[in-house]
Amino acid sequence: MRTILFAASECTPFMKTGGLADVIGSLPRALEKERGTEVRVILPLYEEMDAEWKDQLEKVADFTVPVGWRNQPASLHRLDHDGVTHYFIRNEFYFGRQGVYGYFDDGERYVFFSRAVIEALPLLDRDIDILHAHDWQTGLAVAFANIMRTDIRTVFTIHNIQYQGWMTHEAFSDLMNIGLEHFAGLEWHGMINCMKAALFHADKITTVSPSYAEEIKQPYYSEGLDSILNDRAVDLIGIINGIDTDEYNPQKDPYIYAPYTSSRAKKRENKRFLQRELCLTEDPDVPMYAVVSRLVEQKGFHLLERILEEFLQENVQVVMLGTGDYAFEQSFAYFANKYPNKMSLQLKFSEAAARQIYAASDFFIMPSKFEPCGLSQLISLQYKTIPIVRETGGLRDTVHPFNEVTGEGNGFSFANYNAHELLYAMRYSLLAYHREDLFKPLLKNVNKSRFSWKDSAKLYNGVYAELVPS
Ligand code: ADP
């Protein structure tokens, strides 16, 4: 038996800002079903975590964490949820704040957390064989493990290479407590870069789709890290994310109006309900296009912004849910004000609103500039909502363009980062919506799409087995 410790900055149902939380909340359970592997998860204890969870925490121990010249107090807490043991590290100074990210000292907060993970290892209920860290926030845990605990092997997963955890070089002497000979491993262009540190130190590197694993070796997608990824290419593998199909299940989703499996009539009921809720024209025949997303450049909103005026001249409805860059919020608010019966914009983060939109809509728009994996298109397929995507990263690996000649494909896609290619794909989807001979085979393919974690869990287990045979 080998024991894997997942270290991450977010995890459903405790704290979520995006897809990372979904992965950390569901992959360990799938891995626990694999023979020979046990998983523990370790997370920061955020102030905003619901009392429902906080009340269930069981204190394990107090300990201290060296951060430069200071010793920060910390405590370790345990919570068993859905068959997986989760540990939480508490420190009021760093995590007794609102929200998750966005503080001037985020770098220092996650240096602390990364070091705390290593200091907490002797306090866990199992000896850990492999530390599996996720994204820059836990990148330094990989470095510290490699430097301080040579008995532990390490895996690092890139969920999004755009966010790397840069700090000025002084952070090394101010925060790290490791010898100067380790500076080069953490340094990138004269600064400290937490993701680069992990890429340098990890035994194995994974990312969340095979296409993205290839893309990030190219300068266009690598955000400056292509040289190190090419150096490490033999240890880099892309494994597609799954979703928790019990959790995202339109048949038993507590948030939606009319539960369904694949009934179009029921989906129309959900659409009518949402139209009423959002004060759109109540007509279930009108095709509804959805967006549930962070409103940031990565997601391709410059393209959508450019063609929305033209697209809204059609008999369609557009429903958006998200928060993010002020400029996008303002520009989409302009369209929602101009076309109140056709377009709705909700500027908030709400699980309930998201599920209602997935259930009610006919199409899901995701024209990402880059997309490591993307979970929203998988959730939308699960809710029988047809994705319209740009062919990049995980979108390319999971959404296959409909071909009316062969009848293959579970969505619509376009290749270039170009607004009119998006408009063309959206217009084609509209045509298909009104042609039963096209829409029926398309929906059939959507119904057949499967994205459970089973196959990917096997691939992860293969990576672990290479490092520590059971
Ligand atoms: P990313 O992790 O880059 O934000 P993903 O597609 O991998 O994108 O995952 C996004 C996740 O966050 C999905 O579960 C999606 O439904 C959810 N989500 C995004 N924005 C919102 C929102 N405003 N309200 C509720 N859920 C949201």
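The values are calculated or read from the model by the stated rules, or taken from the named source; none is laboratory data. Computed from a predicted structure; not experimentally measured. Note that we place each Cβ from the backbone using ideal geometry, even for glycine, and neighbour counts take in every protein chain shown. Please note that ligands, DNA and RNA were not included when accessible areas were found on the heavy atoms of the full protein model with its side chains. Shrake-Rupley method; radii C 1.70, N 1.55, O 1.52, S 1.80 Å.
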Under 8 Å between Cβ atoms, at least 6 apart or on separate chains: pull out the pairs that start in the stretch 398-411 with a residue that is in contact (Cβ under 8 Å) with a residue 60 or more places away in the chain and surrounded by 24 or more Cβ atoms within 10 Å (Cβ to Cβ) and end on any residue that is part of a loop (DSSP other than H, G, I, E, B) and of a type in the set (Val, Ile, Thr).
Thr398/Ile240
For Glu391, state whether it is surrounded by fewer than 24 Cβ atoms within 10 Å (Cβ to Cβ) and free of Cβ contacts under 8 Å to residues at least 60 places away in the same chain.
yes
Show the residue pairs that are 6+ apart or on different chains and have beta-carbon atoms under 6 Å apart, the first residue being within the stretch 325-351 and more than 16 Å from the ligand (Cβ to nearest atom), the second being open to solvent by 30 Å² or more (accessible area, probe 1.4 Å).
Ser331/Glu305; Asn341/Thr281
Quick one: which residue in Glu314, Glu305, Glu269, Glu277 is closer than 24 Å to Ala336 by Cα, within 16 Å of the ligand (Cβ to nearest atom) and open to solvent by 20 Å² or more (accessible area, probe 1.4 Å)?
Glu277
Kindly provide the set of residues from the stretch 69-87 that are over 11 Å from Phe112 (Cα atoms) and either among the polar types (S, T, N, Q) or outside any strand (DSSP E or B) (or both), ordered by number.
Trp69, Ser75, Asp82, Gly83, Thr85
Looking at (1) open to solvent by 10 Å² or more (accessible area, probe 1.4 Å); (2) farther than 26 Å from Ile379 by Cα, which is the only condition Phe88 fails?
(1)
What number of residues within the stretch 31-53 are assigned to a helix (DSSP H, G or I), over 12 Å from Phe6 (Cβ atoms) and of a type in the set (A, V, I, L, M, F, W, C)?
2
Out of all the residues in the stretch 353-399, which are of a type in the set (Phe, Trp, Tyr) and either within 12 Å of the ligand (Cβ to nearest atom) or more than 21 Å from Val296 (Cα to Cα) (or both)?
Tyr358, Phe364, Phe370, Tyr383
Arg294 passes all but one of the listed conditions (1) crowded, with 22+ Cβ neighbours inside 10 Å; (2) under 23 Å from Leu375 (Cβ atoms); the exception is number (1)
Would you confirm whether or not the stretch 3-21 contains a residue that is closer than 23 Å to Thr157 by Cα, buried (at least 23 other Cβ atoms within 10 Å of the Cβ), among the β-branched types (Val, Ile, Thr) and more than 16 Å from the ligand (Cβ to nearest atom)?
yes
Going residue by residue through the stretch 163-173, is there one that turns out to be part of a loop (DSSP other than H, G, I, E, B), open to solvent by less than 70 Å² (accessible area, probe 1.4 Å), under 26 Å from Ile237 (Cβ atoms) and in contact (Cβ under 8 Å) with a residue 12 or more places away in the chain?
yes
Odd one out for Gly190, checked against (1) on the phi < 0 side of the Ramachandran plot; (2) small (Gly, Ala, Ser); (3) open to solvent by 10 Å² or more (accessible area, probe 1.4 Å); (4) more than 23 Å from the chain's Cα centre (by Cα)
(1)
